[in-house]
Amino acid sequence: MSNPKTRPEKAAPSKPAGRGRAARAVTAEAPEPAVPKTAPPKAPANRAERAAERRAAIIEAALDEFIARGFAATRLDDIAGRAGVAKGTIYLHFKDKESMFEELIRTALVPMINRLHAPPPIGGSVRDMIEGFAENFIREVATTRRGDIVRLIVAEGPRFPAVADFYYREVVSRGLAGMRALIELGIARGEIRQKNLARFPQILVAPALIAVIWQSLFSRHAPLDANEMFRVHLDLIFGERRTA
């Protein structure tokens, strides 16, 4: 009979040791699968960026073509060629030439008109706000290519009533509503004495349109100081500013 004391013990520790090594290995390797989960999805972001860049290029090319040829004579082929894209690519972003022109109006002019609906700053006068808007309009629209969009509407709007209607809804009606609200505030504060001016806010914005048209047609013959013209116009409405 064999001696119980000399009987070999079961190698119990060997298995836990193996499991311990495996556990340590798993523990060491555990963070690796998390790396792909935190990586940003590059491909979709790049596709979105490229699509946005193509859309911006199409809009820029459309403005160039509309200015050079006029709205009626501009073809989608011309816009695609200038933008460096296939004609079919345009239809991924716009259904036709009219919707492309509407996007120009929406992005170039509507944000500026929306500023009219902001309340005057504390301590500021209605005149200060209107004068500030006029200066921005002259700087950002009348003397830039944005003014060409307005000139195209004036010149070709009668032949394309849908485009003219869109311009009226998005720009003219909002602009007049903003100006009327400012006029009414000026009347309530006593800054404007002529109460009937609220019925005709077009009078207040007339110099802006004059500046746009004059810049394209007559500035080479008689340069116009549009800012000074607007200040004189406001003097007629608000009264002359007092100087120290």
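The values are calculated or read from the model by the stated rules, or taken from the named source; none is laboratory data. Fair warning: this is a prediction, and the values are worked out from it, not measured in the lab. Reconstructed Cβ throughout: ideal geometry from the backbone, glycine too, with neighbour counts over all protein chains shown.
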Original post:
If you go through the range 128-151 one residue at a time, how many are more than 15 Å from S99 (Cα to Cα) and either outside the structural domain of N114 (by TED's automatic domain parsing) or hydrophobic (A, V, I, L, M, F, W, C) (or both)?
Top reply: 9
Original post:
List the pairs whose first member sits in the range 207-220 and is buried (at least 16 other Cβ atoms within 10 Å of the Cβ), whose second member is in a loop (DSSP other than H, G, I, E, B), and whose Cβ atoms are under 7 Å apart, counting only residues at least 6 apart or on separate chains?
Top reply: A211/L224; W214/L224; Q215/T143
Subject >> Lone qualifier among T107, T74, T89 - being within 30 Å of R50 (Cβ to Cβ) and either part of a loop (DSSP other than H, G, I, E, B) or among the aromatic types (F, W, Y) (or both) >> reply: T74
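Quick grid of which residues meet (1) of a type in the set (A, V, I, L, M, F, W, C); (2) surrounded by 12 or more Cβ atoms within 10 Å (Cβ to Cβ); (3) outside the structural domain of E131 (by TED's automatic domain parsing); (4) under 30 Å from A177 (Cβ atoms):
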| residue | (1), (2), (3), (4) |
| --- | --- |
| R50 | no, no, yes, no |
| I58 | yes, yes, yes, no |
| D64 | no, yes, yes, no |
| T74 | no, yes, yes, no |
| D78 | no, yes, yes, no |
| G81 | no, yes, yes, no |
| E102 | no, yes, yes, yes |
**OP:** May I ask you to list the residues in the range 121-163 that are outside any loop (DSSP other than H, G, I, E, B), of a type in the set (K, R) and over 22 Å from I192 (Cα atoms)?
**Re:** R139, R146, R151, R159
**OP:** May I ask you to list pairs of residues, at least six apart or on different chains, whose Cβ atoms are under 8 Å apart, with the first in the range 156-174 being within 20 Å of A68 (Cβ to Cβ) and in contact (Cβ under 8 Å) with a residue 12 or more places away in the chain and the second being of a type in the set (F, W, Y) and in a helix (DSSP H, G or I)?
**Re:** V163/F101
**OP:** Within the range 184-201, count every residue that is without any contact (Cβ under 8 Å) to a residue 40 or more places away in the chain, assigned to a helix (DSSP H, G or I) and touching a helix residue (DSSP H, G or I) at 6+ places or on another chain (Cβ under 7 Å).
**Re:** 4
Subject >> Top-ranked residue in the range 157-190 [being among the acidic types (D, E) and under 24 Å from the mean Cα position of the chain (by Cα); ranked as farthest from G239 (Cα to Cα)] >> reply: D165
